[in-house]
Amino acid sequence: HGAFGLIRKIGLIYQDQNSLGFLVGLRDRLNCDATFVEPPTAIGKSRVLTRKQAKSAWAYFEKQGVDLVVRFTDADQTRWQDTRRDELARVPDIARAIWLCAVASENTEAWLCLDNDYLARVLNLSTTGLPTRAERTGFIKQSLTRIRQPGEGASDVVARIVRDAPRDAFRRWLMNDALRTFYSDCRSAAIAAGCDTKNELDSEAHA
């Protein structure tokens, strides 16, 4: 598929609107104009994607002619590396070459916290206004609702935060191993498909 041309359609399996927003923002940062295709049912809403769900999602995506599949889930209390390995092990063999798995170390909201100064600025708070780690997820979810602009949905506000993150803030995000791995996977897939994407992994040299 993707290896023979540009990535035009990406099948998505994600848990919630904040996860979708993160993927949209990342796609925009990579200068990718692919359209996202979602499975027709609630596949992926659970933290663990079963082998049966993966097979069902692939059957649908294959009919839709996707060039890439992105599965996004949370590690929660487990090691993200273990979650990623287990998820990829359940992918149908035929789809494995074009199936990427992003695992947020903890959850999407924790990724938004990877640069506290930037997040505090976006949420119109002082850095000291961000709560402790245990209370962070719920607080950020509420704050995202509060800063929505007219006409913005839940995913739109997260997409905006990811898309508009200054280079230095995004570089701090990429110091997170889980996010860096996913970002690298996205770039590798894009390069294999002949897409011209921005590379912020080496932005230290250009900052």
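Partners of Lys52 within straight-line reach, counting lysines whose Cα lies under 26 Å from its Cα and excluding those fewer than 8 residues away in the same chain: Lys9, Lys63.
Based on the Cα atoms of the chain, what semi-axes does the equivalent ellipsoid have, where each is the square root of 5 times one gyration tensor eigenvalue, given in whole Å with the largest first?
On the way: eigenvalues 151, 77, 52 Å².
For the chain, the ellipsoid semi-axes come out as 27, 20, 16 Å.
Residue by residue, region 57-66 carries 3J(HN,Hα) couplings of 4, 5, 4, 5, 4, 4, 5, 7, x, 6 Hz when phi is fed to the Karplus relation 6.51 cos²θ - 1.76 cosθ + 1.60 (θ = phi - 60°); x denotes Gly or Pro.
Close amide H pairs (under 5 Å, H built 1.01 Å from N) link Gly11 with Val37, Asp67, Leu68, Val69, Val70, residues at least 5 positions away or on another chain.
Ranking Thr50, Gln15, Leu30 by how far each Cα lies toward the positive end of the dipole of region 3-93 (charges on Cβ) leaves Thr50 at the top. Of all the Cα-Cα pairs you can form in region 1-106, what percent are over 20 Å apart? The answer is 35 percent, as a whole percent. Amide H to amide H, with H built 1.01 Å from N, Ala102 comes under 5 Å of Arg71, Phe72, Thr73, counting only residues 5 or more places away or on other chains.
For a straight C-alpha distance cut-off of 13 angstrom, the aspartates and glutamates reachable from Lys198 (same-chain residues fewer than eight places away being disregarded) are Asp28, Asp33.
Once C-alpha pairs closer than 8 Å and six or more residues apart are averaged by separation and normalised to the residue number of region 87-153, the relative contact order reads 21 percent. With the gyration tensor restricted to C-alpha atoms of region 22-76, the semi-axes of the equivalent ellipsoid amount to 20, 16, 8 Å, longest first. The helix-based estimate of mean residue ellipticity at 222 nm for the chain, built from -39,500 (n - 2.57) per DSSP H run of four or more residues and divided by its residue count, is -14000 deg cm²/dmol to the nearest 500.
Phi angles across region 116-125 convert, under the Karplus curve 6.51 cos²θ - 1.76 cosθ + 1.60 with θ = phi - 60°, into 3J(HN,Hα) values of 4, 5, 5, 5, 4, 5, 5, 8, 6, 10 Hz, Gly and Pro given as x. Note on Lys141: lysines with a C-alpha under 22 Å away, same-chain residues under 8 apart excluded, are Lys45.
Summing charges over neighbours of Gly11, with a neighbour being any other residue whose Cβ is under 14 Å away from its Cβ, gives +4 when K and R count +1 and D and E count -1. For the chain, what relative contact order do you get, as a whole percent, if you take Cα pairs closer than 8 Å and at least 6 residues apart? The value is 29 percent. With R₀ fixed at 45 Å, the C-beta to C-beta distance from Ser126 to Ile191 puts the FRET efficiency at about 0.65. Seen from Glu38, the other residues with C-beta closer than 13 Å to its C-beta sum to a net charge of +2, counting Lys and Arg as +1 and Asp and Glu as -1.
Can you say what percent of the DSSP beta bridges in the chain, counting only those with both residues inside, are antiparallel? Round to 5.
Just about 0 percent of them are antiparallel.
Rounded to the nearest Hz, the phi-derived 3J(HN,Hα) couplings of region 180-188 under the Karplus curve 6.51 cos²θ - 1.76 cosθ + 1.60 (θ = phi - 60°) are 4, 4, 5, 4, 4, 4, 4, 5, 4, where x marks glycine and proline.
Here, each number is a calculation from the coordinates, and none is a lab measurement. A quick note: this is a predicted structure, and the numbers were derived from the prediction, not measured. With ideal geometry, Cβ positions are generated from the backbone for all residues, glycine too; neighbour counts draw on all protein chains shown.
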